Structures are given as C-alpha cells and as structure tokens.
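I have placed the structure first, in the form of structure tokens, so that the comments after it can refer back to it.
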Protein chains: 2
Amino acid sequence: MKKLINGPESVVEELCGGMAKAYPKLLSWDRDHMVISRQTRSSGKVVLISGGGSGHEPAHGGFVGKGMLDAAVCGDVFASPSIMQVYHGIVDNRSDAGTLLIIKNYTGDVLNFEGAAEMAVEDDGMVVEKVCVNDDVAIEESARRRGVAGTLFVHKIAGALAERGASLSEVKAVAEKVIANVRTMGFALTSCTVPAQGKPTFDLGEREIELGVGIHGEAGVSRIELAPSETIARQLLDRIVPDLPYSTGDEVAVMINGLGGTPLQELFILSRDVATILDDRGLSTYRTLIGNFMTSIDMQGASVTLLRLDDQLRDLLDDPADTAAWTSC
Amino acid sequence: MKKLINGPESVVEELCGGMAKAYPKLLSWDRDHMVISRQTRSSGKVVLISGGGSGHEPAHGGFVGKGMLDAAVCGDVFASPSIMQVYHGIVDNRSDAGTLLIIKNYTGDVLNFEGAAEMAVEDDGMVVEKVCVNDDVAIEESARRRGVAGTLFVHKIAGALAERGASLSEVKAVAEKVIANVRTMGFALTSCTVPAQGKPTFDLGEREIELGVGIHGEAGVSRIELAPSETIARQLLDRIVPDLPYSTGDEVAVMINGLGGTPLQELFILSRDVATILDDRGLSTYRTLIGNFMTSIDMQGASVTLLRLDDQLRDLLDDPADTAAWTSC
C-alpha cells in the first residue's frame, strides 16, 4: 500500500484536523466526537446534520458552511459514526427551529443516526426529523438502495431552503423532493484500498470494469470488459434514465463525480459523453458539476447523477453556498 | 493502461469539449485552435492569456473567467501549443488595453508564446507583454526552473488586478511580484501515464517516492524510501522555505495541490502536516487552498506552494473569481 498518510490508525483524525486547520474561518472541529461544525453558527434556522463513514472526502466536512450543512459527523473509514458521536453533533448544534438529519441508506448509519435522534428527542426535548437518501440505481430493490453522490444535492437544496428561514417541515419536504428526483450510478476501474486493510478491497482485472459499484468497495452489478468512455456513459444512463424515469423535456442537473483517484482529464471526457447522450434523449441540462464530491478513498472510477429540476429546486440549487468543496459554477 | 477515455488521439479535443459543454455560460471554445475563452468578453481591460500542454486539468481552462484568465491555449498532452494556436488565442481576445501572456518556464512554451507575441505585435500592431513563471525549487539554477502550481497564484492575482481596470504595466508588475514571492516543490508516489504512450513514464518501486518531480513526469532530484506524510512535508519545506527565504513573521498563502490521482483524504493529511511545520517556523498562514489545480494527468503525489503576501497580494487573492476550478474558500 502506497499512501500519503502517517499511519492507518490516525487517518480520520488527521484528515479532519487538516480540514479544520485549513478553513479556520469556516469550520470548527470537536475532536472528541469527530464532528465538524460551522465556525459561525446561525441562530434560529433549521439545522442540517449529515455524515457517515470517512473515506468520501470532501464529503461530508467539505459541505459544512452557510447554505449547506451545519455539521458533519465523521465515522472511521467506511464505518458509521457511533450513536454518541451523532448525538453530540445534534445537541451541540441545537436550534429552536429543529434539526434535520440527512442519512445515507446504510444499515449502520440508519441505526446510529436514528438512535441518536431518539436520545436527543427523549433526553433533551429536541425536535429532530430525518430523511434517508437512496439514489443508487445499481440495486433494484428500493429499500436496499444505497445513498451515494446524489446526497450532495440534498445537502445543497435543503441547506439553501433552511438558510432562507423555512420551517423544519418545509426543509424536510424539499429534501424528500430531491430524494424522489435524484438517481446515481457509478463504476470502478480499480478497487479502493482501505488504509487499515492495506490491500485493495476487491480484485479487478487489467481489462475489466465493475459497473454499479458502491462507495465502500461494495460489489457492483456487472463486470464488463474495459470500454470507451462513451460506452460506459451509455450503460450508466441506460439504467439511470428509465429508473425515475427522466423524460424528454425534463430539465436536469448533472453531477460527474470522481471516486477519488480519477484524473479530472477523464471526468471532463465522461462529462462530454454524458452530455451528448442527454442531448440525444431530449433532456435539458441546466447545470453540470464535475469533480470529486463523494469519493471512495482512492478508487479510480466515477458516478453519474441526474436530478430532475423544477422551479423551486433550480432556484435553491443556485443559491450561494460558502463551503470548502461546493462549486458555484 | 486503464483509462476512462475514448482513444488516446482524441483526449485533448474531448476534454476541452467536455469543459466547454459543462460551463456554457462561462466558456467558449475555438475547436480549430484549442483555445478556451470567456463566453462574455470584458472590453477595455488588460487581457490575460496562459496555457501550455494539456494533462494539467483543471489548468488552464478551469481558470478562465472573470477575475482570472481571459483565455487558455491548450496544446496536446504535455506538448506546447503551436505558435499559430497561441497567436489565435491572442488576436481573438484582442483588447485596446493590451495583452499579458503568462508562460510556464518550459522551452517549447517560451518559444511558441514569444513567437506568437511577436506575430501579434508585428502583424497586428498589438501590445503584448509576457511574464515567465519558474516557481519549482527542485531545480537549483533559476533559469532552468519550471513553472508549476504557483502559476495559479499568478493567474489569480494578476487577473484580479486586470479586472479592477489596472494598466498593462501594473498588471505585469503584480504578476512579477507574485513570481518573485512564490515557490513550489512536488513529489510523486507513482508515475503518470500519458495516454498516447500507454505505460508509466518512469518506474518507481513500491516503497519509493520521487522528490522534486515536475508536472510532466520529469525526473525529480532525489528518490527516498516511502515515508510518512509528516516526513515528506518537512523535506519539501526544508527546500522551499530557505529558497526565498520565507522568514519568521511572513504571512503566506499555501496551496496543497494534488497531482491528479491523489485522494483528497491524503491531501488533507498533508495539509495538516504542512500547517504544523509552518506554525513551528513562525510563518503565518493567511489562507490554504487544497485540491487538484495543476495536475500531471493521473500521477499520485502532490506539491506544496508558498506565496509570501503583502497587503496588495492579499487583497487581490481575495477578490472574487468566477471560474470552473478556483475555490473561494
């Protein structure tokens, strides 16, 4: 394993510390509970909290800031934060307007975020609501669908509405609207390597691609021979577009998300191929985001996310966001 | 070679096309000459043009936009654009206020940008000035020093002054001030792979790191055994800090630049280690930028850049920039 780290055991503490140190005006860091919060708390607005396992940088700490999250709770690499960690994230960012938890649909995250919410409600009398993101179309059964890169659109749009001063029920409703309209599928050219394991999570041949891979090195749905970007884009969209379905005339936001080790050169090429196919299918692209948003450590590969927009979602998507990793372009 | 491309011969055209397609409000693209320009030209301001070989994405097209570059001329992967390409970039973005070329110090780029400037001056009566960036401290001899990630600070700060309406001589002077105060050094954990070559440019053992590597797979200055991030940070800063020298009390901007295949997780850890060492040495960090700015295709590794600030440079660094890849945090 060849990594730029100091030791597998200190990865999460050091990366959170590095993030907090790099953005002192933006972020504060509770080292005991690995919670990254805004440096300047907004009072009176609905609080948005997300997080999960680490290894998805810049998610989720990179999306803490005005217009997006209030706090991100950081578990160990690919492991849910504990109930107590999430609980501290909730109570330490308490607001009279209430709290919304944005949970990615993994068993550990769901259990621990829900457990923490119960504690905050029962012990502290807080009002805590939650939404669960499951945008990964690689899995057929909706209840088992994972939350992947589409989660960032939930953070952005619900965060914008909260910043405008909307109520908890309004913020939850718009988060659920995003979840209902967002779909993602990814693929891997290489496995990720978890620092503590020291070797790739799965084997993939020099001429193989894994389609439908998750963001923790979970198996995909099919393995195909190494193919041009155009072919991969088509196979992803053949699964994403009919799923909602997205229809001719729909306006969409597109996210081309690198999984950590993919050069930007290749993400721009994939973005071009996705744009061409969307044009051919009569979908209108309102905005494209390209970069590393929800990664899988050092995995080479990418995911494509479509979000169907309406007037409300488009406006909220365009609201300003002052975070380390969201892009305004 | 496992890459997300359609073919080695179409990489540059497709990535430029992908970038232009993704940011239609921001960028226009002259496909014949591979010039990425602003969609909305500013009239009456000094025009800033940069570029060079491709393979450094998001540089340089990602830094075209209000507050930074007016145009980026894109050569083939790791190859200078031709005189005619640069010439078209210059004349097609003509302004009465004059043009400044920001050239990275490589023989091909210097020759072709200078040749194009001569043509524009002699044939078209334009006023064209140039600066040459050589921030890479890995090479002792100043005339041979390469332009690397520090170039982005030149784009940002000279771009901000041009946007404020300064004259060509003022914009050139501030660009030279940045060049005089910026230093960079990089290292590689792996080689890059040029798509047309299909194999890594150099061999690096499983437990070796190349220090002082360039952004085109050029050899570094020393090869060391795989070491913790802290050790690497110290070795880089031991070379960068005395070079200017940066002294106790100096205020600096820091760029932690991934070389293309490095996960953000690791860049945050490196950033933490750099910050700790700078604190120890009494340098005051005004702002830290972390991400992929000037890459070497898919190389795993990073570079560290320091820019010594004064009031003028700090203010211009903080001016807004509306580009695909600059970060406002």
Subject >> Hits in region A:222-240 - residues which are under 25 Å from the mean Cα position of the chain (by Cα), open to solvent by less than 70 Å² (accessible area, probe 1.4 Å) and either farther than 23 Å from residue B:17 by Cα or modelled with pLDDT under 95 (or both) >> reply: A:222, A:240
Original post:
When residue B:109 is evaluated against the numbered criteria (1) surrounded by fewer than 24 Cβ atoms within 10 Å (Cβ to Cβ); (2) in a helix (DSSP H, G or I), which criterion, by number, is the only one it fails?
Top reply: (1)
Subject >> In region A:312-329, residue nearest to the other protein chains (Cβ to nearest Cβ) [restricted to those that are open to solvent by 10 Å² or more (accessible area, probe 1.4 Å) and under 15 Å from residue A:254 (Cα atoms)] >> reply: A:329
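Table: residues versus (1) surrounded by 24 or more Cβ atoms within 10 Å (Cβ to Cβ); (2) at positive phi; (3) assigned to a strand (DSSP E or B).
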| residue | (1), (2), (3) |
| --- | --- |
| B:6 | no, no, no |
| B:16 | yes, no, no |
| B:24 | no, no, no |
| B:72 | yes, no, yes |
**OP:** Quick one: count up the residues across region A:196-213 that are buried (at least 23 other Cβ atoms within 10 Å of the Cβ) and not charged (D, E, K, R).
**Re:** 2
Original post:
Which residue out of A:186, A:165, A:220 is in a loop (DSSP other than H, G, I, E, B) and either over 30 Å from residue B:261 (Cβ atoms) or within 14 Å of another protein chain (Cβ to nearest Cβ) (or both)?
Top reply: A:165
**OP:** Would you confirm whether any residue within region B:165-179 is open to solvent by 20 Å² or more (accessible area, probe 1.4 Å) and within 29 Å of residue A:14 (Cα to Cα)?
**Re:** no
**OP:** Go through region A:100-115 and give me each residue that's more than 15 Å from residue A:60 (Cβ to Cβ) and in contact with a helix residue (DSSP H, G or I) (Cβ under 6 Å, 6 or more places away or on another chain).
**Re:** A:115
Original post:
Is there any pair linking a residue in region B:12-38 that is acidic (Asp, Glu) to one that is open to solvent by 40 Å² or more (accessible area, probe 1.4 Å), with Cβ under 9 Å and at least six apart or on different chains, and which?
Top reply: B:13/B:31; B:14/A:272; B:14/B:6; B:30/B:88; B:30/B:92; B:32/B:88
Original post:
Would it be correct to say that residue B:80 is of a type in the set (S, T, N, Q), at pLDDT 95 or above and part of a loop (DSSP other than H, G, I, E, B)?
Top reply: yes
Subject >> Hits in region B:7-39 (condition: within 12 Å of chain A (Cβ to nearest Cβ) and within 17 Å of residue B:113 (Cα to Cα)) >> reply: B:36
**OP:** Name the one entry in A:83, A:90 that is open to solvent by 50 Å² or more (accessible area, probe 1.4 Å), farther than 27 Å from residue A:257 by Cβ and touching a helix residue (DSSP H, G or I) at 6+ places or on another chain (Cβ under 6 Å).
**Re:** A:83
**OP:** Considering only region B:161-207, state which residues are more than 17 Å from the chain's Cα centre (by Cα) and among the aromatic types (Phe, Trp, Tyr).
**Re:** B:202
Subject >> Complete set of residues in region A:290-311 that are among the β-branched types (Val, Ile, Thr) and more than 12 Å from chain B (Cβ to nearest Cβ) >> reply: A:305
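Restricting attention to region A:122-135, which residues are over 21 Å from residue A:301 (Cβ atoms) and either in contact with a Gly (Cβ under 9 Å, 6 or more places away or on another chain) or exposed (fewer than 15 other Cβ atoms within 10 Å of the Cβ) (or both)? Don't jump to the end; show me each part of the working.
Quick first cut of region A:122-135, residues over 21 Å from residue A:301 (Cβ atoms) only: A:122-132.
The answer is A:122, A:123, A:124, A:125, A:126, A:127, A:128, A:129, A:132.
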Original post:
Among A:46, A:77, which is the only one that is among the hydrophobic types (A, V, I, L, M, F, W, C), buried (at least 21 other Cβ atoms within 10 Å of the Cβ) and under 16 Å from residue B:268 (Cβ atoms)?
Top reply: A:77
Original post:
How about region A:241-286: which of its residues are within 9 Å of chain B (Cβ to nearest Cβ), open to solvent by 10 Å² or more (accessible area, probe 1.4 Å) and closer than 22 Å to residue A:312 by Cα?
Top reply: A:285
Subject >> Residue tally, condition out of contact with any Lys or Arg (no Cβ under 8 Å at 6 or more places or on another chain), more than 12 Å from chain A (Cβ to nearest Cβ) and aliphatic (A, V, I, L, M), over region B:40-68 >> reply: 3
Subject >> Boolean, residue B:138 is crowded, with 24+ Cβ neighbours inside 10 Å and within 21 Å of residue B:64 (Cα to Cα) >> reply: no
**OP:** Mind counting the residues in region B:69-91 that are within 12 Å of chain A (Cβ to nearest Cβ) and among the aliphatic types (A, V, I, L, M)?
**Re:** 1
Original post:
Mind checking whether some residue in region B:195-208 is within 11 Å of chain A (Cβ to nearest Cβ) and either in contact with a Cys (Cβ under 8 Å, 6 or more places away or on another chain) or among the aromatic types (Phe, Trp, Tyr) (or both)?
Top reply: no
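The values are calculated or read from the model by the stated rules, or taken from the named source; none is laboratory data. Bear in mind that the values here come from a model prediction, so they are computed numbers and not experimental data. Backbone-built Cβ (ideal geometry, glycine too); neighbour counts: all protein chains shown. Keep in mind that these areas ignore ligands, DNA and RNA; they rest on the heavy atoms of the full protein, side chains included. Shrake-Rupley method; radii C 1.70, N 1.55, O 1.52, S 1.80 Å.
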